[in-house]
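Worksheet: one structure, shown below.
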Amino acid sequence: MEKPYTLSEGKNFQIISESPQFTHLIGKILGANAKIGDVFCLEGELGSGKTCLISGIAEGLEVGDGVFSPSFIIVAPHRGRIPLFHIDLYRLEEEDIQELGLEEYIYGNGVCAIEWAEKAREIIPSSHLWIKIEYHNKGRLINFFPKGERYIELLRELMKIVGNRS
């Protein structure tokens, strides 16, 4: 019998993804349910699946062009049902990030997906969805930390489709 799972602020929800395709699907579900102003903050080691998940978000947002890691350009804007701003902070130092003016994207009229978001904690809005991806013996452990009722509701939608696979 599956145990009941309640989702609330400060409580994480986790999914084990056994394939890049499933990680992409999780992103696609998030993107399909995304709204203007949503901020997805991704944390994880190189190769853990951050860009794969964002590629799914882009597909859910009906972005027509391919999504890749924008490590050399910092912000890659994409057109879709809602604009997607894919931000990659890998090559930056924390002290340099505040001077970039990323707030224009984060608080703008689109959806923001930020890789290496732990470097930009100072400019992240209080309401956001933090997603930490870790290597796991079965693939990837994806932890979701909702900050704000909006993201609790978004994760409830995700749970309806994929369930609690932890």
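A short reminder: the numbers here are calculations on the coordinates, not readings from a lab. Predicted model, so just to flag it, every value in this text is computed and none were measured. Ideal geometry is used to build each Cβ from the backbone, glycine not excepted, and the neighbour counts take in all protein chains shown.
Key figures
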item: The stretch 34-114: C-alpha gyration tensor shape, a/c 1.5 cut-off, then a/b vs b/c; result: oblate
item: Pairs of lysine residues in the chain - Cα separation under 15 Å, sequence separation of 8 or more or cross-chain; result: 9
item: Among Gly31, Phe85, Ile54 - extreme Cα towards positive end, dipole of the stretch 13-162, charges at beta-carbon; result: Gly31
item: Footprinting exposure proxy for Lys160, Lys147 (fewest neighbouring C-beta atoms within 10 Å first); result: Lys160, Lys147
item: Relative contact order of the stretch 13-162, pairs being alpha-carbon contacts under 8 Å that are 6 or more residues apart, as %; result: 32
item: Electrostatic dipole magnitude of the chain [Cβ: Lys, Arg +1; Asp, Glu -1; Cα centre; debye, to 20]; result: 820
item: Derived scalar couplings ³J(HN,Hα) [the stretch 33-42; Karplus, 6.51 cos²θ - 1.76 cosθ + 1.60; whole Hz; x for Gly, Pro]; result: 9, 6, 10, 3, x, 5, 10, 10, 9, 10
item: Derived scalar couplings ³J(HN,Hα) [the stretch 75-80; Karplus, 6.51 cos²θ - 1.76 cosθ + 1.60; whole Hz; x for Gly, Pro]; result: 10, 10, x, 9, 8, x
item: Using θ = phi - 60° and Karplus 6.51 cos²θ - 1.76 cosθ + 1.60, couplings along the stretch 143-157 (whole Hz; Gly, Pro as x); result: 9, 10, 10, x, 10, x, 4, 3, 7, 5, 5, 4, 5, 4, 5
item: Label-point separation in nm, Glu62 to Arg156, each point 7 Å along Cα→Cβ; result: 2.6
item: Global geometry of the stretch 13-162, whether rounded, prolate or oblate, following the gyration tensor of its Cα atoms and the 1.5 cut on a/c; result: rounded
item: Between the stretch 35-97 and the stretch 136-153, the Cα center-to-center distance that results, in Å; result: 17
item: For Trp130, distant residues with modelled amide H under 5 Å away; result: Cys41, Phe145, Lys147
